[in-house]
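Participant: Quick one: the structure is below, and I'll ask about it shortly.
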Amino acid sequence: MIGIDVVEISRFRDMKNLEMFVRRVFTQNEAEYFTSKTAAKKFYESVAGHFAAKEAFAKALGTGVRNFDMSDIEICHNELGMPYIKFGGVRVNASVTISHSDTVAVAAVYISENIPGTGLPFYQNLDEYARLVPSRAADANKGDCGRIVIVGGSPGMSGAPCLSALGALRSGSGLVTVGLPKSQQPIAAVKLTEAMTLPLDELDDGTLSLNALGEIKSRLSRADACVFGPGLSKNVDLGKLADSLLNGSVPIVIDADGLNAIAEDMVILKKHKNRMSCSVVITPHPGEMSRLCGKSVEAIQNDREGTAAEFAREYGVTVVLKGKDTVIAAPDGRMKINRSGSEAMASGGMGDALSGIIASFIGQKMGGFEAAVLGTFVHGAAGDLARSEIGDRGILATDLCERVPKTIRMITNAE
């Protein structure tokens, strides 16, 4: 699509509040460009040209300036002085030309798709997420990049912890170990190439036994984060396992059947708040949240922010209440609403991938709340990227995981 805009230069030369206008409409980088050696002699022409380019870009989008501010469109220049466009902090695949006469500035923008070049929709404050992405030293090795232990699986659900492992690996974890009931370990070993697997003691029905606790704790003694719950099913031992893990020092992400086990005995979380021996992130969907807090799903959905905040404060955990506009609430009152993701992600395994992504960032030395904020955004944005490439239906959790590295790169490019 093509957008063209023409602006009279005198409009800016005669503007009484030009300084305020520049602060509101342009980025700091643009303002500095206007006063640089390159542009200072043609200050008003440069301001007019940049403004025309922003208007032309909005026209090329076909939306006009809606749902974003003019300052979200940034006109940049490469080392040769050629202009290019950043939208929401991300460089877009758009052709832009700017020229002027003595009286008018003219800009033309061409883009070939509705979401220009990034593969992502527009996100507010993308640079905030870019600043959260963990840095990696030039001499880093796999042991420096986070050791994650995932405990899950049961007959018929061995794929769940494997998806969690894939999410962790694709988010940058150096070493990932998946612990499963011993009858399920061979299945996981075939599914996973880069992750290690650990056979654990099981009950007669093939679900995890309390006797596995010693082996789990041994692995956790060398770990940076743990995921507990994906695909565990239900049995009488799981609550005791969760209680013991919450008494340890390793940060833990609890999901799925791990949450269901705790819901059977909320004293487990009350004891955690008294001990506060480890950082805890829980990732319930509304049904799981209903079992945890005793409210109806309808009541939760009518007050998602309040429900998450109240539970986080009461039990000393970071809550990731999943769904449209996922709510992330910390015990200290911090809150973030996630805007990435869409209904195209409505398929099994997405939550398993999310738990692994969040644990991965915790393992890379992030705090629980920050890891949950970044992990939830990355998860949704990777889903958006999959949607842009695949369509609205048929997106798998593995499709999402495969796009996590590209999503992280796009986010870091925004800073």
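Participant: Relative contact order (percent) for segment 132-182, with alpha-carbon contacts under 8 angstrom and 6 or more residues of separation?
Facilitator: RCO, segment 132-182: 45 percent.
Participant: Continuing with this model, one more query. I'd like the distance separating the alpha-carbon centroids of segment 312-385 and segment 231-301, in whole Å.
Facilitator: Computed from Cα coordinates, the inter-centre distance equals 16 Å.
Participant: Once a ≥ b ≥ c are taken as the square roots of the eigenvalues of the Cα gyration tensor of segment 128-412, is the result rounded (a/c under 1.5), prolate (a/b larger than b/c) or oblate (a/b not larger than b/c)?
Facilitator: Since a/c stays below 1.5, the shape of segment 128-412 is classed as rounded.
Participant: Looking at the chain, send over the antiparallel percent of its DSSP beta bridges, to the nearest 5.
Facilitator: Antiparallel: roughly 55 percent of the beta bridges in the chain.
Participant: Name the residue from Phe68, Tyr33, Ala52 whose Cα lies farthest towards the positive end of the charge dipole of segment 2-118, charges +1 on Cβ of Lys and Arg and -1 on Cβ of Asp and Glu.
Facilitator: Of the candidates, Tyr33 comes out farthest on the positive side.
Participant: A further question follows. Can you tell me the relative contact order of the chain? Whole percent, Cα pairs under 8 Å, sequence separation 6 or more.
Facilitator: Computed value for the chain: 15 percent relative contact order.
Participant: As a check on your grasp of the helix formula, calculate [θ] at 222 nm for the chain: sum -39500 (n - 2.57) over DSSP H runs of n ≥ 4, divide by the residue count, round to the nearest 500.
Facilitator: That comes out to -12500 deg cm²/dmol.
Participant: Which aspartates and glutamates have a Cα less than 18 Å from the Cα of Lys270, not counting those fewer than 8 places away in the same chain?
Facilitator: Output for Lys270: Asp243, Asp255, Glu288, Glu310, Glu314, Asp332.
Participant: Here is a further query. Quick one, could you list the DSSP H helices from the chain stretching 24 Å or more along their long axis (Cα atoms) with average Kyte-Doolittle hydropathy of -0.5 or above?
Facilitator: TM-like helix candidates: 43-61, 368-390.
Participant: Which pairs, out of Lys217/Lys273; Lys54/Lys365; Lys234/Lys295; Lys295/Lys336; Lys16/Lys41; Lys234/Lys406, put more than 28 Å between their alpha-carbon atoms?
Facilitator: Result: Lys54/Lys365; Lys234/Lys406 exceed 28 Å.
Participant: I've got another one for you. GNM on the chain, C-alpha springs below 10 Å: top fluctuator among Ile390, Ile268, Ile254?
Facilitator: Of Ile390, Ile268, Ile254, the Gaussian network model singles out Ile390 as fluctuating most.
All of the numbers you see were taken from the coordinates with simple rules; none came from a lab. Keep in mind that this is a model prediction, so the values were computed, not measured. Cβ: placed from backbone, ideal geometry, glycine included. Neighbour counts: every protein chain shown.
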